[in-house]
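First the structure, in the form of structure tokens, and then the observations on it.
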Amino acid sequence: MHKQQPDALLLNSKIEEWMRWDRNEKTRGEVHTLVTEGNVAELERRFMSRIEFGTAGLRGRMAAGISMMNDVVVIQTSQGLSNYLLACQPEVKERGVVVGFDGRHNSKKWAHFLAAAMIRKGIPVYLFTNVAPTPFVAFGVKHLKAVCGVVITASHNPKQDNGYKVYWDNGAQIVSPHDKKISQSILESLEMDDASWDISGVLTHSLRKDPTAEVEAAYFDELSKYVQYKQQNSSCDLKMVYTAMHGVGWNAVQSCLLTFGFPPCIPVKEQMLPDPEFPTVTFPNPEEGKSAMNLAIKTADENNVSFIMANDPDADRLCIAEKNDSSGEWKIFNGNEMAALLGWWCWHCHQFKGSYKPADSCYMVASTVSSKILLSMAELEGFNFAETLTGFKWIANKTIDLENAGKTVLFGFEEAIGFMVGSLTYDKDGVSALGVLYELAAYLNRQGKQLHQQLETIYEKYGHHLNNNSYFICHDKEKIKHIFTRIRTMSGAPDTYPEELGGVKVKYVRDLTTGYDNEQPDNKAILPVSSSSQMITFTFVNKAIVTLRTSGTEPKIKYYSEIRGTGSKLSKEELSSSLNALVEAVINELLEPEKNQLLPKSE
């Protein structure tokens, strides 16, 4: 008789355990089909490793198995989170947890599973009745003084994905060691029974409150403090087309426009309301450019409108486009360009406020892969600039630290179209950023200027900051590991990085995976190090910076580059040519896309 191998026995036991737990006929059917077909490779992928709970919470494809997003994983995660909160938050039964969800498949049901898990432990839940923008959950934690917040969302990911994003009691996303401790608590809370699946009484339970009215009223009241020209906004003749990208932003944006005094916008009707199928876009991410903005541009052209604003599906990101009055060409602004505009505007407005604080007590914050335009502004204007690791959790927690030290944070951003104006929310917020940026556009419009012209004015003052950012898709984790290991061992020994790329000498290398940084006297990085993700930054003698990193939520190798023209005699065109040649060399010499079968970003 053939004896089963240990791995086969372990796989079988995990499948049996799953079938004992799962009450969802669809996901049970998926597993039954895979077993019947003998698809061992796929079963191993689904059951031999668990989806990782990190500082971004959970995010992955919706399907059966412990490595995917599904009812079982969400219930177990919620049981683990509730037990962790009881262990480390003494006031959890008084202060409660805020729970929201977007319009994706399963989001509402999973929010109810989460709420039920909390209620079973005696923890009060502020559960939104309907879909809510992610920034409302972050704001809700702060306003309601809750100990934690969770939003079920996969933000701008493809329709097959969903996620579980966690905020701590300060209103910012969790950072280590909470992620590791929650992950351990989940592993200690896997067992499920009939009560785990019962969500029938969640909405009417005495421990559940709907925070919608209170949170929205408080949010827009706080947002009104950022309005500069409400009277002029009411007669604004700069019309705006808005798309919610099949997400949750529409209602919130209408309230935002009212708060700023703007007349109604023109919606992209096909994308106005939540639709989990995202039928009109390949990727529901306005950052993807014209492929995601085609319908908005079509709507704008049909209505003779030259300005477009777009949120991603959970409304925490913002993208804008503008038609050039002279050429008739549409320009979609990237995150760094929008940050230059918003950073300039936040400083401009701060200078004219009655509550003006001295420059040396003011800060702007950006992630390390984002443009250094705010640094250039800070150097000239006298305010401070702080740099953080990639991810808004770092920007938000840095902001909280600065405020606790008596400082004022005017603006924070990262290049992936994430913006935090002031500290209304301690996270990126596409709703408040929309109102502030629309007011800037209207202000310029009254002067006969467009945003692209103001952007050039900013660069003329602070120096051109040119970027070339994109990504490759790679689903093979071992291949990604090999690519980065090769970069670190170019001469065969550890920490022997390339000394020259594309004929340009490398001045400094910072590796936030290993902690190496030869710009520091002891070769040790100042920014936090994480061995669980790849991130290497090269600084060149021509003032260019190139960063290679993996994504925490998508199968991508991303590259970011910038060349600062501050103090340079080179023209914009010469700077651009120099940067593009360098990026091409980095791609060909380090990533080797053809050899490694990397898929480029689709245009």
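The values are calculated or read from the model by the stated rules, or taken from the named source; none is laboratory data. Keep in mind the model is a prediction, meaning the values are calculated, not measured. Neighbour counts are summed over all protein chains in view; Cβ atoms, including those assigned to glycine, are modelled from backbone coordinates with ideal geometry. SASA here: full protein model, heavy atoms, side chains in, ligands and nucleic acids out. Shrake-Rupley method; radii C 1.70, N 1.55, O 1.52, S 1.80 Å.
Taken together, D314, D325 contain a single residue that is open to solvent by less than 60 Å² (accessible area, probe 1.4 Å) and either in a loop (DSSP other than H, G, I, E, B) or free of Cβ contacts under 8 Å to residues at least 60 places away in the same chain (or both), which is D314. For the subset of segment 248-267 comprising residues that are closer than 19 Å to D237 by Cα and assigned to a loop (DSSP other than H, G, I, E, B), which member is most open to solvent (accessible area, probe 1.4 Å)? Filtering segment 248-267 for residues that are closer than 19 Å to D237 by Cα and assigned to a loop (DSSP other than H, G, I, E, B), the one most open to solvent (accessible area, probe 1.4 Å) comes out as P264. Counting the residues of segment 480-538 that are polar (S, T, N, Q) and outside any loop (DSSP other than H, G, I, E, B) gives 4. Looking across segment 386-400, just one residue is among the aliphatic types (A, V, I, L, M) and surrounded by fewer than 19 Cβ atoms within 10 Å (Cβ to Cβ), and that is I400. Each residue in segment 130-144 was checked for being in contact with a strand residue (DSSP E or B) (Cβ under 7 Å, 6 or more places away or on another chain), open to solvent by less than 10 Å² (accessible area, probe 1.4 Å) and not polar (S, T, N, Q), and 6 pass. Within segment 213-240, the residues that satisfy the criterion of being of a type in the set (S, T, Y) and out of contact with any strand residue (DSSP E or B) (no Cβ under 9 Å at 6 or more places or on another chain) are Y219, S224, Y229, S234, S235.
Only residues that are within 15 Å of L402 (Cβ to Cβ), open to solvent by 70 Å² or more (accessible area, probe 1.4 Å) and either part of a helix (DSSP H, G or I) or modelled with pLDDT of 95 or more (or both) were counted across segment 346-384, and they come to 1. Per the conditions (1) closer than 24 Å to A310 by Cβ; (2) among the small types (G, A, S); (3) out of contact with any Asp or Glu (no Cβ under 7 Å at 6 or more places or on another chain), the sole criterion not satisfied by G122 is (1).
Against the definition (without any contact (Cβ under 8 Å) to a residue 40 or more places away in the chain and within 29 Å of the chain's Cα centre (by Cα)), how does T489 come out, yes or no? Considered against the rule, which asks whether it is without any contact (Cβ under 8 Å) to a residue 40 or more places away in the chain and within 29 Å of the chain's Cα centre (by Cα), T489 comes out as no. Here E222, E277 are screened, and the one residue that is not aromatic (F, W, Y) and not in a loop (DSSP other than H, G, I, E, B) is E222. Hey, could you check segment 401-442 for residues that are among the charged types (D, E, K, R) and surrounded by 24 or more Cβ atoms within 10 Å (Cβ to Cβ) and say which is nearest to G552 (Cα to Cα)? Filtering first and then ranking leaves E414. For the residues M48, M69, M19, the requirement of being of a type in the set (A, V, I, L, M, F, W, C) and open to solvent by less than 50 Å² (accessible area, probe 1.4 Å) singles out M69. Restricted to segment 225-247, and to residues there that are under 26 Å from the mean Cα position of the chain (by Cα) and part of a loop (DSSP other than H, G, I, E, B), the residue that is farthest from H156 (Cα to Cα) is V227.
Among the candidates K209, K180, single out the residue that is open to solvent by 50 Å² or more (accessible area, probe 1.4 Å), touching a Phe, Trp or Tyr at 6+ places or on another chain (Cβ under 8 Å) and either of a type in the set (K, R) or closer than 21 Å to V92 by Cα (or both). Answer to the selection: K209. When restricted to residues that are without any contact (Cβ under 8 Å) to a residue 40 or more places away in the chain and touching a strand residue (DSSP E or B) at 6+ places or on another chain (Cβ under 9 Å), segment 289-305 contains 2. Against the list (1) small (G, A, S); (2) modelled with pLDDT of 95 or more; (3) open to solvent by 10 Å² or more (accessible area, probe 1.4 Å), the condition A339 fails is (3). Whenever a residue of segment 177-201 is outside any helix (DSSP H, G or I), its partners that are open to solvent by 40 Å² or more (accessible area, probe 1.4 Å), lying with C-beta atoms within less than 7 angstrom and at least six residues away or across chains, give the pairs S189/N83.
For the condition assigned to a strand (DSSP E or B), within 18 Å of the chain's Cα centre (by Cα) and buried (at least 17 other Cβ atoms within 10 Å of the Cβ), K159 does not qualify.
Do we have any residue at all in segment 215-225 that's farther than 30 Å from Y443 by Cα, at pLDDT 95 or above and open to solvent by 60 Å² or more (accessible area, probe 1.4 Å)? No, the conditions are met nowhere in segment 215-225.
Criterion first (touching a helix residue (DSSP H, G or I) at 6+ places or on another chain (Cβ under 9 Å), open to solvent by 40 Å² or more (accessible area, probe 1.4 Å) and either among the hydrophobic types (A, V, I, L, M, F, W, C) or at pLDDT below 95 (or both)) does I332 satisfy it?
On the way: touching a helix residue (DSSP H, G or I) at 6+ places or on another chain (Cβ under 9 Å): yes; open to solvent by 40 Å² or more (accessible area, probe 1.4 Å): yes; either among the hydrophobic types (A, V, I, L, M, F, W, C) or at pLDDT below 95 (or both): yes.
Taking the combined requirement at face value, the residue satisfies it.
Those residues that are of a type in the set (F, W, Y) and open to solvent by less than 20 Å² (accessible area, probe 1.4 Å), I need them from segment 448-471; list them, please. Give the steps one after another, and end with the answer.
Of all residues in segment 448-471, those of a type in the set (F, W, Y) come to 459, 462, 471.
Result: Y459, Y462.
With respect to being in contact with an Asp or Glu (Cβ under 8 Å, 6 or more places away or on another chain), buried (at least 24 other Cβ atoms within 10 Å of the Cβ) and over 24 Å from I417 (Cβ atoms), L127 fits the description. Here T537 fits the description: open to solvent by less than 40 Å² (accessible area, probe 1.4 Å) and closer than 30 Å to E456 by Cα. Filtered by the rule that a residue be modelled with pLDDT of 95 or more, of a type in the set (S, T, N, Q) and within 20 Å of I174 (Cβ to Cβ), segment 396-442 gives N397, T399, N404, T425. Name the single residue that is most open to solvent (accessible area, probe 1.4 Å) among those in segment 540-583 being under 19 Å from L389 (Cα atoms) and at pLDDT below 90. Of everything passing the filter in segment 540-583, G552 is most open to solvent (accessible area, probe 1.4 Å).
Every test in (1) modelled with pLDDT of 95 or more; (2) in contact with a His (Cβ under 9 Å, 6 or more places away or on another chain); (3) open to solvent by 40 Å² or more (accessible area, probe 1.4 Å); (4) part of a loop (DSSP other than H, G, I, E, B) is passed by N304 save one, and that test is (2). Checking the stated criteria, V147 turns out to be open to solvent by less than 10 Å² (accessible area, probe 1.4 Å) and touching a residue at least 60 places away in the same chain (Cβ under 8 Å).
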